[in-house]
Every structure is written in structure tokens, then in C-alpha cells.
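The values are calculated or read from the model by the stated rules, or taken from the named source; none is laboratory data. Note that this is a predicted model, so its numbers are computed, not measured. Note that we place each Cβ from the backbone using ideal geometry, even for glycine, and neighbour counts take in every protein chain shown. Accessible surface areas use protein heavy atoms only, side chains included; no ligands, DNA or RNA. Shrake-Rupley method; radii C 1.70, N 1.55, O 1.52, S 1.80 Å.
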There are 2 protein chains.
Amino acid sequence: MTQSKTDPRVLRTRRLIMDSFIELSAKKEFKDITIKDITTEAMINRATFYYHFEDIYDLLEKALSEVLLVNLNEDVYKTDKLNEEAFIRIFTAITNFQKSLSNRCHRGYEDTIARIIREQLEIIFYKMLVKQSTTEDKEASKINAVILSWGIYGASVEWKRKGMTIPPENFFKPSIPYLLSGIDYGS
Amino acid sequence: MTQSKTDPRVLRTRRLIMDSFIELSAKKEFKDITIKDITTEAMINRATFYYHFEDIYDLLEKALSEVLLVNLNEDVYKTDKLNEEAFIRIFTAITNFQKSLSNRCHRGYEDTIARIIREQLEIIFYKMLVKQSTTEDKEASKINAVILSWGIYGASVEWKRKGMTIPPENFFKPSIPYLLSGIDYGS
DNA sequence: TTCAATGTGTTGTATATACGACATATCGAT
DNA sequence: ATCGATATGTCGTATATACAACACATTGAA
């Protein structure tokens, strides 16, 4: 809210960099992508890259966060209550994300990616929990968000381990009653 | 040759502006397109527009020149000799250009467009004539280029007036012997 | 007519980007 | 181990773009 709108040049450049990175990720492994590759593809100067990102890992992080966030926002914020439908939407968004990553080659960076997913999940869960919590106990919401993010990410890993073939909603549905019973203070 | 390569920011911005203009031309008449429309679509500042173009007519001119030039370069420079094939390529490029313009609405600017086409044609003809002329008479080449540009543009207007239905090569072929006889000094 | 709204074109200043140079690190070949 | 080639990260400076403000023209409605 306090953020004054950012310079259009910045938005433009970040978009160019991120798009180029995603483009290149489809062709090469992450470890073979150089900063020069990215900036050449994006037609921006190499020094400009460092104006926006610490290094290539920082870019990976922010690019993935953004992609995931777009997925989540498209699917989730249609319903702002954390009910059965919302859980299924979120879980499906994550499995979609996992599927899209499994095409690209990010070998050796699974941990980074896992952390990014959990962080984004935590943010979203926290927002939704605070919004619908009747008490003012934000600490509890924070911890619950952590637990939910780890738990649901874990479920997506298990889904992946089973071959990514089971429809996400079928795989996940059995656990929903348990998850809902824990958080449904209101009503 | 003497041009040192231009700043990538300039290329980027010009492309954004031109693409936005072409985009908007598909939706609105030229007279209803404002500078603000263009710069908003291109996501650049209005003042930046004036850094690159005198006004909207200047943009029209340069945008059309570029589109035409791309058409011509794609088709023409495969053969660098001004023979029957080259004439047909050029004439076809122009009729294609006329067709693409007839969809968009540039009512009231036909004269401007005509001038742009002739200017581009003249440049190309002049280059080719000088290249293949055995004598060093550049003045003659210049005048011949003028004559050819007006003549061939006129033919394309006639082709348009007849409904743009006749295949350009059929329409134009009968005149080629005459045109070739005039310029074929060499050999 | 008058007035408000909108478009045009210009100017001064702040900031993002381009560019070249540099030091350092990494890596593959000899 | 050494060397050339290539990638990383940083810096200073030049320049293109963003932005707000301005004067002026055009337009349409009261």
C-alpha cells in the first residue's frame, strides 16, 4: 500500500529478463545458462542485470516465485475463504507448477525450488487465515500457515513420486476434512 | 557504413512505438489515433515519443517506410540484378503492401502513402541501377530510378483500381520487356 | 460567446540503462 | 602447473527515458 508505483523502465526490464530466462530454461539446463545468455536474449546490457538481481540464483528465485504466484492468484483468489474448493485449487496449482518444472531442467536446485514454493504458500495461507480468523491471534495464524505450507508441499512431492498421474483433486481430497477441522474456528 | 551502431534503448523504444501504432491502426482510423493512445499502448512516456518523432505524421511515414522496406528487402535482395524476376518481385511486394493498407483506414492520407512508396522504390532502383550500370553516369541512374518508381507505383494504382483481383505477375508481365530494354546497357 | 476538457508540443530534472574497463574466478587444453 | 578463454561481479560516465509542469490549440457543451 505504501509503495509508490515503480518506474515503467524497471517493469519493462524485469519482464524482459524474466521472459528471456524462462525462454532459455526451455532449451538449456539451468547450470548451462549464463548471465550473458540472458542479457543477450533480453537485449539489455549485462550491467543492467546486476541492477535488478543479485546473481542468477536470485533471478531463479524471483522468476519462479512470480510464475507460481501467477498460477496461484489466477486460481485461488476467486474464493477468498479457505474451504474445500480453495484447498483443491491451491493443490492443483502446485501440481501444475511441478509438472511445468519437470519439463525444464533444474537438476540440483530442487531444494531451492521447494523453499520457494513453501514460502509462497505460507504467504497465501497466512493472508487467508488472518482474514477469516475470528480471534486476533496472528501468531497462531502464522504457525498454522507454516504447517499448511509444508504439509501441502509434502503432499505434492508424494503426488510427484507416484508418477504425477493421479488427478490432483482425487489424490488430495481425503485429507481435506482433517485440514478443515483444524482451522475452522469461526461460524 | 559510417553509422556506428545505435543505442539498444533507441531500437527498443522505436519498435514499441511502431508496433503499437500498427496495432492501433487495425482498430481505429488514423485520424482518431492520438499520441497518448500510442504511448500508452507502448508503455513509454509521451515525451519520449517526441524524442524520436516530429509528430504523428512523421511516425506514419517512418512506420510505413519500414513495413514496405521489410517487404521489399525480403523479396528483392535475393536477386541483385534488375531482371524480369526482380521486377515481378518488386511489383508483387507493392501490391501486397497496398492490400495490407486497404484493410486499415488511412483515409485522407493516400497522397502521403503514395509519396512514401515512391521514395522507397526510388532508393532501391537507384541502388540496383548504379550497381549494374557499366558506365559511371550516376545522374542518368537517378533519373531512371525516378521514372521507374513513378511508373511502377502508377501500375500498382491501376491494379488497385481494377479491384486488386488480377494476379500481380500477370498484370505486370506485359510491360517488362519494355522496361528491360531501356535499362539493359551492359552485357 | 464562454468555459471545461482534451490533445499537442516543449522544457528541466531525476533516474534507469548502456558501455567500456577492470579485477577475479573458473575451466579446459597443453 | 600453466596458459588462454570465458564467466562473474563492480564501477564511472554518457545518454535515453520518465515525469511533472507549462503554454497553446482544438473541441464540444452550456
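Picking from residues in region A:44-60 that are open to solvent by 20 Å² or more (accessible area, probe 1.4 Å) and either under 23 Å from the mean Cα position of the chain (by Cα) or away from DNA strand C (no atom under 11 Å from the Cβ) (or both), the one that is farthest from the other protein chains (Cβ to nearest Cβ) is A:Tyr57.
Every test in (1) open to solvent by 20 Å² or more (accessible area, probe 1.4 Å); (2) at pLDDT below 85 is passed by B:Leu68 save one, and that test is (1). Please determine whether any residue of region B:163-174 is at pLDDT 85 or above, surrounded by 15 or more Cβ atoms within 10 Å (Cβ to Cβ), hydrophobic (A, V, I, L, M, F, W, C) and not assigned by TED's automatic domain parsing to the domain that holds B:Asp32. There is at least one residue in region B:163-174 that is at pLDDT 85 or above, surrounded by 15 or more Cβ atoms within 10 Å (Cβ to Cβ), hydrophobic (A, V, I, L, M, F, W, C) and not assigned by TED's automatic domain parsing to the domain that holds B:Asp32.
With the requirement that a residue be among the β-branched types (Val, Ile, Thr) and surrounded by 11 or more Cβ atoms within 10 Å (Cβ to Cβ), what does region A:1-43 give you? Write out each step before concluding.
Taking region A:1-43 and keeping what is among the β-branched types (Val, Ile, Thr), we get A:2, A:6, A:10, A:13, A:17, A:22, A:33-35, A:38-40.
Listed by number, the residues that qualify are A:Val10, A:Thr13, A:Ile17, A:Ile22, A:Ile33, A:Thr34, A:Ile35, A:Ile38, A:Thr39, A:Thr40.
In summary, A:Ile88 fulfils each of the numbered conditions (1) in contact with an Asp or Glu (Cβ under 8 Å, 6 or more places away or on another chain); (2) among the aliphatic types (A, V, I, L, M); (3) closer than 26 Å to A:His52 by Cβ with the single exception of condition (3).
As a summary of the residue check, B:Ile17 satisfies the conditions (1) at pLDDT 95 or above; (2) over 20 Å from the mean Cα position of the chain (by Cα); (3) within 11 Å of DNA strand D (Cβ to nearest atom) except for the one numbered (2).
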